[in-house]
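The values are calculated or read from the model by the stated rules, or taken from the named source; none is laboratory data. It should be emphasised that the depicted structure is a prediction, and the values quoted were computed from it without experimental measurement. As a convention, Cβ positions derive from the backbone with ideal geometry for all residues, glycine included, and neighbour counts pool all protein chains shown. Surface accessibility is based on the protein's heavy atoms, side chains included, excluding ligands, DNA and RNA. Shrake-Rupley method; radii C 1.70, N 1.55, O 1.52, S 1.80 Å.
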Amino acid sequence: MFKHVFLTGPPGVGKTTLVRKASEALASSGAAVGGFYTEEVREGGRRVGFDVVVTTTGERGCLSRIKDPAASASQGGREYKVGQYVVDLTSFENLSLPLFRSMGSPTQGDGRMVFVIDEIGKMELFSQPFIREVRQTLDSPRCAILGTIPISRGRPLALVEEVRGRSDVRVFTVSKDNRDVILPDIVSALQECLTHSS
C-alpha cells in the first residue's frame, strides 16, 4: 500500500507545475496541504537561481543564486555549490525546517495532510537537518508526501535512491508526452494515500 507519491523526470519537464496543480486540486477538495515547492528566479529572461515557496502562504526564501564573481569567495563559512549556483543553506533551512516541525500541530487538525517536498535534490541535500526531517516525515503516520526527485543519472544521491526504493512510495515519471494528462492520476493516487491511511 502506498503512503506517498513522488514525481521524477528531467529538469524543466513540469514536475513543479504538476505539484502545484495537484496541491490546489487537493486543497479545493478539502484536504489539508502544507510544505514547499521550488521556483526559478529569472532576471531579464535569464535564470539566476531558485527560491523555495511555502505552499500555504506564498512566503519565499532563497535556495540558490548564480555566483557573483565580484563577491568575495565566502564569508568565513563553507560554500555549497551545484553547477554555477551557490546554495543559501541558511535561508533554505530557515524557511523549510519549521514547515516540517509544524506539520501535524494542533492547527493542522486531526486528519492526515498532504505535505509537499519539491524537491529532494542536490541543493537541498547539503542540509543534514533537512535529510533527517524528510526521513521522519516518510515514516510519519500524519501525512502523505507529494514530492519530487531527480531522475537517476551520474552519482546516485543516497536519500533519493532510498525514497525511490521504498515499498510505500509510488513514483510517477513525468515526460513531455504525459505531463498534460497525468495530473488526474497523481491526484487520485494521493487521495487514495489519504483514504487508506486515515
(request) Can you give me the number of residues within the range 166-195 that are without any contact (Cβ under 8 Å) to a residue 60 or more places away in the chain and open to solvent by 60 Å² or more (accessible area, probe 1.4 Å)? (result) 7
(message) Just to be sure I understand, how many residues within the range 70-89 are at pLDDT 95 or above and open to solvent by 40 Å² or more (accessible area, probe 1.4 Å)?
(response) 1
(request) Kindly indicate the residue of the range 151-196 that is of a type outside the set (A, V, I, L, M) and in a strand (DSSP E or B) and also farthest from residue 17 (Cα to Cα) among those meeting that condition. (result) 170
(request) For the range 150-162, indicate whether the set of residues that are in contact with a strand residue (DSSP E or B) (Cβ under 6 Å, 6 or more places away or on another chain) and over 17 Å from residue 11 (Cα atoms) is non-empty. (result) no
(request) Sort out which residues of the range 110-143 are part of a loop (DSSP other than H, G, I, E, B), among the acidic types (Asp, Glu) and either in contact with a Cys (Cβ under 6 Å, 6 or more places away or on another chain) or open to solvent by less than 10 Å² (accessible area, probe 1.4 Å) (or both), and write them in order of number. (result) 118
(request) Might you let me know whether the range 56-66 holds any residue that is closer than 25 Å to residue 9 by Cα, at pLDDT 95 or above, touching a Phe, Trp or Tyr at 6+ places or on another chain (Cβ under 6 Å) and not hydrophobic (A, V, I, L, M, F, W, C)? (result) yes
(request) Would you mind stating whether residue 172 is out of contact with any Leu (no Cβ under 6 Å at 6 or more places or on another chain), aromatic (Phe, Trp, Tyr) and at pLDDT 95 or above? (result) no
